[in-house]
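Novice: Got a structure for you, written out below as structure tokens; questions coming shortly.
The values are calculated or read from the model by the stated rules, or taken from the named source; none is laboratory data. It should be emphasised that the depicted structure is a prediction, and the values quoted were computed from it without experimental measurement. Using ideal geometry, Cβ is built from the backbone for each residue, glycine included, and neighbour counts are taken over all protein chains shown. Surface accessibility is based on the protein's heavy atoms, side chains included, excluding ligands, DNA and RNA. Shrake-Rupley method; radii C 1.70, N 1.55, O 1.52, S 1.80 Å.
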Amino acid sequence: SVNQLQNVINNSNPLNLSVGNPDLGQGFNNTFFVNMSKVNMETNKSLFLFLFASFTENFIGTNTFVASQDTLINNEVLLRSGGQITRPINLNGQMVSRLFLNYGTSIPKLKTKVNLNPGISYGRTPGIINDQLNINENIDLRQGVTFASNISKDVDFTLSTFGTYTIVKSSLQTNLNNNYYIQNSNLRFYYSPNNGKTFI
């Protein structure tokens, strides 16, 4: 964008300046993905696999300078101690990858279908902080389970739960390192008795 290329300081926020880079080059993205599916109608089983990977050459990252003392930028703008100025820069080593699996089977006695949804994703983003290379890494480990019934035209339910464990790492800003877990569960119940009333 124009803002990324113009060597003009944006000082609308005195503690968070930004400036463009006229020497910035275009990034090139390379994407790879694999899709596989298999369905057995006789056993009512299914398998779906998805693999995705993306690598960017000349990734447009961020070069950040954090001032330890009052500093004059380009001999025109004063950056106070503790403030920072960011500048786009070309870096290599950025990538995103995901692996997703879905396996479905049925439990005939319960008239219920079960779906298992494990997955993992990895992201790597380089940056520069005070002339040092910083690598931010994100790892997501996911597991989902869904029970979907088909008991009758009057009774039906779907029970699902999905959990994600996230690992965040920064090679320089270790204070940002964090691990956390998010769980989402849902229950949908449909009941339509003979009197015509419906409960969902």
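Novice: Out of the residues in the stretch 185-200 that are at pLDDT 90 or above and open to solvent by 90 Å² or more (accessible area, probe 1.4 Å), which is nearest to Gly144 (Cα to Cα)?
Specialist: That would be Asn186.
Novice: Still on this structure, please answer the following. All but one of (1) closer than 22 Å to Asn3 by Cβ; (2) touching a residue at least 12 places away in the same chain (Cβ under 8 Å) hold for Thr105; which doesn't?
Specialist: Here Thr105 clears every test but (1).
Novice: Residue under question is Phe28, and the condition is that it be more than 30 Å from Thr158 (Cβ to Cβ), loosely packed, with under 13 Cβ neighbours inside 10 Å and hydrophobic (A, V, I, L, M, F, W, C); does it hold?
Specialist: On the way: more than 30 Å from Thr158 (Cβ to Cβ): yes; loosely packed, with under 13 Cβ neighbours inside 10 Å: yes; hydrophobic (A, V, I, L, M, F, W, C): yes.
Criteria met by Phe28.
Novice: Does the stretch 123-137 hold any residues that are open to solvent by 60 Å² or more (accessible area, probe 1.4 Å) and farther than 12 Å from Gln94 by Cβ, and which are they?
Specialist: Hits for the stretch 123-137 are Asn130, Asp131, Gln132, Leu133.
Novice: For a quick check of your reading of the model, give me the residue pairs whose first member lies in the stretch 46-62 and is in contact (Cβ under 8 Å) with a residue 60 or more places away in the chain, whose second is buried (at least 16 other Cβ atoms within 10 Å of the Cβ) and of a type in the set (A, V, I, L, M), with beta-carbon atoms closer than 8 Å and at least 6 apart or on different chains.
Specialist: These pairs meet every condition: Phe59/Leu91; Gly61/Ile89; Gly61/Leu91; Gly61/Ile128; Thr62/Ile89; Thr62/Ile128.
Novice: May I pose another question? Restricting attention to the stretch 90-113, and to residues there that are touching an Asp or Glu at 6+ places or on another chain (Cβ under 9 Å) and modelled with pLDDT of 95 or more, which single residue is most open to solvent (accessible area, probe 1.4 Å)? Reasoning before the result, please.
Specialist: Looking only at the stretch 90-113, we keep the residues that are touching an Asp or Glu at 6+ places or on another chain (Cβ under 9 Å), and these are 90, 92, 94, 98.
From what's left, modelled with pLDDT of 95 or more: 90, 94, 98.
Working: Asn90: 45, Gln94: 26, Arg98: 113 Å².
My answer is Arg98.
Novice: Further question on the same structure: Could you list, in sequence order, the residues of the stretch 159-191 that are over 17 Å from the mean Cα position of the chain (by Cα), aliphatic (A, V, I, L, M) and in a strand (DSSP E or B)? Outline the logic, then answer.
Specialist: Initially, the stretch 159-191 is screened for residues over 17 Å from the mean Cα position of the chain (by Cα), giving 159-161, 171-175, 185-191.
Narrowing further to those that are aliphatic (A, V, I, L, M): 159, 172, 187.
Within the stretch 159-191, Leu159, Leu187 qualify.
Novice: Checking Asn44 against (1) at negative phi; (2) in contact with a strand residue (DSSP E or B) (Cβ under 6 Å, 6 or more places away or on another chain), only one condition comes out false. Which one?
Specialist: Here Asn44 clears every test but (1).
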